[in-house]
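The values are calculated or read from the model by the stated rules, or taken from the named source; none is laboratory data. Quantities reported herein were computed from a predicted structural model and do not represent experimental measurements. Positions of Cβ are generated from backbone atoms using ideal geometry, with glycine treated the same way; all protein chains shown enter the neighbour counts.
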Amino acid sequence: MSYLRAGFARLAGLFARQRSDDDLREELQSHVEMETAENIRRGLAPDEARRQALLASGGLTQAAEAVRDRRGIPWIESAIADLRYAARALRHNPVFTTVVVITLALGIGANTAIFSVVRGVLLKPLPNRDGDRLLYLRQSMDGPGGENVSFSVPEVHDLRAAAPALGGIAEYSAWTVTLQGDHDATRMNVGLVTGNYFDVMGLSPVVGRLTRPTDDGPGVPPVMVLTHDFWMRRFGGDFRIVGTTVRLDEGTIATVIGVLQPAPFFPDHIDALMNMVISPHHLSAQMVQGRTHRMTEIVARVAPGATVEQARAQVAAGYERMRSDHPDAYDAGSHYRISVIPFKTALGDRARTTLWLLMAVAVFVMIISAANVANLTLMRGVRRERELVVRAALGAGVLRLRRLLLAENVLLTFVGAVLGVVLAVGGVRLLVALAARYSPRANEIRLDPVTLSFALALSAAVALLLSFIGTLPREGTLGTWISAAAGRLSGGLRKQRLQRALVVAQVAVSVVLLAGAGLLTRTMIRLADVSTGLKTEEVLAIDVQLLSFAKLSSNGNILPDDAAAKANYERMRQEIAALPGVVDVGLGSTMPLTVALGQLEVKAEGRVPAVGEAMPRADFRTADPNYFHAAGIPLLTGHPFSITDRMGSGRVVIINRTLADRLFPGEDAVGRRVAWTGDVLRFTPFSGDWRTVVGVVGNTQDGGLDAPPRPAMYMPFAGELALGGSVVVRADSDVSGVVAASTRIVQRIAPTTPIDHILTIAQIKDESVAPRRLNAALVSSFGLLAVLIAAVGIAGVLAFSVSARTNEIGIRMSLGADRGQVLRMILREGGVLLLVGLGLGLGGAFVGTGVIRGLLFGVSPRDPMTLLGVALMMAVIGIVACWIPAARAARVDPLVAMRAT
Amino acid sequence: MTDKVDVKQGTLALMILTTLQGLGPLHGYGIARRIEETSRHRLKLNYGTLYPALLKLEQEGFITAEWSQSENNRRAKFYALSAAGRKRLAHEEREWRRNADLIAAFLTPQRETP
């Protein structure tokens, strides 16, 4: 108790300094006077009485000091004094301070921002209860679109039976509904889920309730659980929405029963979750019994007491059994396989490489900035050696000097860190946009105590590094130091070696960064060169789906609805075609340069696949007679569809070059017959009849500019159900001029149908390379930043060396060395550092760039052109950085230099 | 002079508290004189020992300080024992006696053995 009390009193003593000092002086004074009076009474002369009294006191100043020490907390006071002194010293050295603070701020800012993203997207525990026990199951096969083929209901049942280590398997199926507002309609991406879904996922509602097993099956009312994100966006976080009903497609009504806590979803971004009853198809025998009818995603939770490894083994064994029991559902040539992935890992899959790359880049920048700051500190240390010597001569111990340096560095790095955090706030905002393209967890990114401590730890580490890099003599050798320093001051060999090593490291790291930046930039250039397969970019695509999923999946006769939809599409086509500037308008299921609705196995007449060969597959698309011309897709052979290719007429198709090469290698495909095939066909509205190929069109980059072309088969738009639905508009010059008018026409004809996309080809292209461009831009700017800092480093070290050698240069010049020789001498000094750094950096790049192989396109990670270019660039910048101090050295006037000793 | 000893902080605190209990509120000079007299001038207190000890006792709440007039009309800072100080003193005294007894018990028989 009394300790605590004394502690508070002392803390308070820190602030009540002035008042108590007066008090103390008065008290001591009164003591002396009383003693003097007593001495006088004892018979001493007044002067002698006072002298004796003072003598007995043992020194007033010492007493006051002893009391003062007792009053406050001495080390805090001296630390404050140190900091105050440091602030003054730094203010007097504005250039040094500014450069150091900015360099540190950039390093710390970049690291804090990117660490926040890495933490939010990859490291932070999931918001789900026991999130590390959540698993995501993925079924894959070979070929485009095969990374995730999802599961069918019978497969889910088999897995449930085979893997008791999975405590619960929840089903999730992506679906879209149209939310009818009073004046508009919104497309909602929803997940149709089984009643155990939320229990397995470990999620709770913010308000209301979640679905439960009683919501499963037919004959129950449709219910909807809003995701937190959609609730905020669409309903402004209004609690009253719970319990109300919403109008969906075709007059269906669903009750909003609750709002989910914020949580990431995978693989799709979704607006709401519903029970299966909303889609009769999901409860149909087709869906429930069709082993190849795969449209269900699986999330599972490891059972209590079981391990992920057990679950993985059981799933693998069960899957093996499934494949041998149903050989026709797992085409051997396509190598069906299953993987069990921790949910958190699955969420971070696409972001991982990019983020770790950025983190590595940020760490590199930090290394370079720290090296630069260390260098600057070393140089400044040499300049202020005299000051330190004076302090030592006045009695400051090594510890005291060390503390003084630490105070300065703490102040510097702290200011740097604060600025860095400010930069990070902006940086995080920027990076969230980047991360959102890769990860459903982007909204979890924030600067929180953990990331701020990261910034703090970083700056503390730098401060310590800086304080111990400057050499101070060992305790006990101060005397020698002082006497030695009375003469000439120089950096000392050890210090110069350290500086040089730092410069070499900076150059090397910069080269590695530049190499990465160069490779990513070259990737961008390669991508820009990739042909989309279209003849023109003046094309606009409007995705508007008149025949809804709900209609398609209802079991009634949809032919009248289909006919009505097609009639409306035709009206849109004709009205837009009449707009000025429009060259042609076509209709099709899917806009060009985007992935088709799905793919099916396909066979060619008279061709039997070899044993073990994967079944050929093709994207299914529809197109009307104008589609190819409107989209600018070149017709290679044959002819386009004619307007007589309608429902029930002779079956014709147009295939793309990839499919033609696959089915009829080296032969003319036109006139041959092909057909859809495979088990999945029965779940589609397409017939498996033979169809005659009437034309072959060029490939288009449907999977993205960096993906291999996908085989595609186009059926006549009028001959099949109006699946999807895209109006493709070609303009004679600037297609963006017809966007507004086209949109108005579409909205007038289909007022209750939301437009899913309205994009020009240029926009689609741009969208497909945007993440890579952002990568390249980020890494490049970091690379340039690094080079800049490194250049400052080289120039600084050389300039320092020149100023330390001014005297020597003067002597050389007076002995007959000309300016050219001096210039070469200094350039040589810098050139050696540059060369060593370049060599190390290129070696590092050669070894290190392999890790970004996955982010590159059309360029090898060890692309010699890039490495050469990077080396050249670094060399040029380095030489310029050397030239400035060298030129200054050459301007040295020998007379002035020698006199200046 | 050689038999004059410096006091240890802990013992000094005890001496100050005893002095204040015996004489009532007193200024620093009075406390110093009293302690030196009680020790029959074997102890010598300089300010640098006394005043930090007073401050410490004040911070711990065992004594209170107040400016006031001294007997010969001089302004001086008077220290007085607080309730906590009284309790502390009683406790310290008990501890001291117990320890002294203990040490005495060890020291006494040794002298009798030879």
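Check B:R94, B:R40 and return the single one that is at positive phi and more than 13 Å from chain A (Cβ to nearest Cβ).
Details: B:R94 fails: at positive phi.
B:R40 is the lone residue from the list that is at positive phi and more than 13 Å from chain A (Cβ to nearest Cβ).
Could you say which residue among A:D689, A:D619 is touching a Lys or Arg at 6+ places or on another chain (Cβ under 6 Å), modelled with pLDDT of 90 or more, under 19 Å from A:M591 (Cβ atoms) and not in a helix (DSSP H, G or I)?
Selected residue: A:D619, the only one of A:D689, A:D619 that is touching a Lys or Arg at 6+ places or on another chain (Cβ under 6 Å), modelled with pLDDT of 90 or more, under 19 Å from A:M591 (Cβ atoms) and not in a helix (DSSP H, G or I).
Just one of A:A87, A:A79, A:A49 is more than 13 Å from chain B (Cβ to nearest Cβ), modelled with pLDDT of 85 or more and under 53 Å from the mean Cα position of the chain (by Cα); which is it?
Only one candidate passes the filter, namely A:A87.
Mind listing whichever residues of the range B:46-85 are within 10 Å of chain A (Cβ to nearest Cβ), part of a strand (DSSP E or B) and not aliphatic (A, V, I, L, M)?
Passing the criteria: B:W67, B:R75, B:K77.
Which residue out of A:R391, A:R400, A:R437, A:R441 is of a type in the set (K, R), touching a helix residue (DSSP H, G or I) at 6+ places or on another chain (Cβ under 9 Å) and at pLDDT 85 or above?
A:R441
If you take the residues of the range A:778-797 that are in contact with a Ser or Thr (Cβ under 8 Å, 6 or more places away or on another chain) and buried (at least 22 other Cβ atoms within 10 Å of the Cβ), which of them is farthest from A:G878 (Cα to Cα)?
Taking the candidates together, the pick is A:G783.
Of the conditions (1) within 33 Å of the chain's Cα centre (by Cα); (2) assigned to a helix (DSSP H, G or I), A:G703 satisfies every one except a single condition; which number is it?
Condition not satisfied by A:G703: (2).
If A:T61 passes every condition in (1) farther than 25 Å from A:T451 by Cα; (2) surrounded by 15 or more Cβ atoms within 10 Å (Cβ to Cβ); (3) of a type in the set (S, T, N, Q) but one, which one does it miss?
The number of the failed condition is (2).
Filter the range A:120-140 down to the residues that are touching a Ser or Thr at 6+ places or on another chain (Cβ under 6 Å) and either closer than 16 Å to A:I298 by Cα or surrounded by fewer than 19 Cβ atoms within 10 Å (Cβ to Cβ) (or both) and list them by number.
Residue satisfying the conditions is A:R138 alone.
Evaluate the following for A:L55: is it within 14 Å of another protein chain (Cβ to nearest Cβ), among the hydrophobic types (A, V, I, L, M, F, W, C) and surrounded by fewer than 15 Cβ atoms within 10 Å (Cβ to Cβ)?
Details: within 14 Å of another protein chain (Cβ to nearest Cβ): yes; among the hydrophobic types (A, V, I, L, M, F, W, C): yes; surrounded by fewer than 15 Cβ atoms within 10 Å (Cβ to Cβ): yes.
Yes: the conditions hold for A:L55.
Please work out if A:T692 is surrounded by fewer than 18 Cβ atoms within 10 Å (Cβ to Cβ) and free of Cβ contacts under 8 Å to residues at least 60 places away in the same chain. Explain how you work it out, then say what you get.
Numbers: surrounded by fewer than 18 Cβ atoms within 10 Å (Cβ to Cβ): yes; free of Cβ contacts under 8 Å to residues at least 60 places away in the same chain: yes.
Yes, satisfied.
Taking only the range A:18-37 into account, find how many residues are facing chain B (nearest Cβ under 9 Å) and of a type in the set (D, E, K, R).
Number of matching residues: 5.
Where in the range A:150-213 are there strands (runs of 3 or more DSSP E), lying fully within it, with 2 or more residues that are over 30 Å from A:P751 (Cα atoms) and under 34 Å from the mean Cα position of the chain (by Cα)?
A:166-180, A:205-208
So A:A424 ticks every box in (1) in contact (Cβ under 8 Å) with a residue 60 or more places away in the chain; (2) more than 27 Å from A:V121 (Cα to Cα) but one. Which box is left unticked?
The failed condition is (2).
Pull up the range A:510-541, narrow it to residues that are under 26 Å from the mean Cα position of the chain (by Cα) and polar (S, T, N, Q), then point me to the one that is surrounded by the most Cβ atoms within 10 Å (Cβ to Cβ).
By that ranking, first place goes to A:S510.
Considering B:F78, B:F106, B:F62, which residue is touching a Phe, Trp or Tyr at 6+ places or on another chain (Cβ under 8 Å) and of a type in the set (F, W, Y)?
Result: B:F78 is the single residue among B:F78, B:F106, B:F62 that is touching a Phe, Trp or Tyr at 6+ places or on another chain (Cβ under 8 Å) and of a type in the set (F, W, Y).
Which residue out of A:D271, A:D249 is more than 30 Å from A:D679 (Cβ to Cβ), among the acidic types (D, E) and touching a strand residue (DSSP E or B) at 6+ places or on another chain (Cβ under 6 Å)?
A:D271
Only one of A:A718, A:A762, A:A740, A:A722 is free of Cβ contacts under 8 Å to residues at least 12 places away in the same chain and at negative phi. Can you tell me which?
Going through A:A718, A:A762, A:A740, A:A722 in turn, the sole match is A:A740.
With A:T103, A:T98 as the choices, which residue is modelled with pLDDT of 85 or more, away from chain B (no Cβ under 12 Å) and surrounded by 14 or more Cβ atoms within 10 Å (Cβ to Cβ)?
A:T103
Being more than 11 Å from the chain's Cα centre (by Cα) and in a helix (DSSP H, G or I) is the filter; apply it to the range B:23-37 and report the residue that is farthest from the other protein chains (Cβ to nearest Cβ).
B:L23
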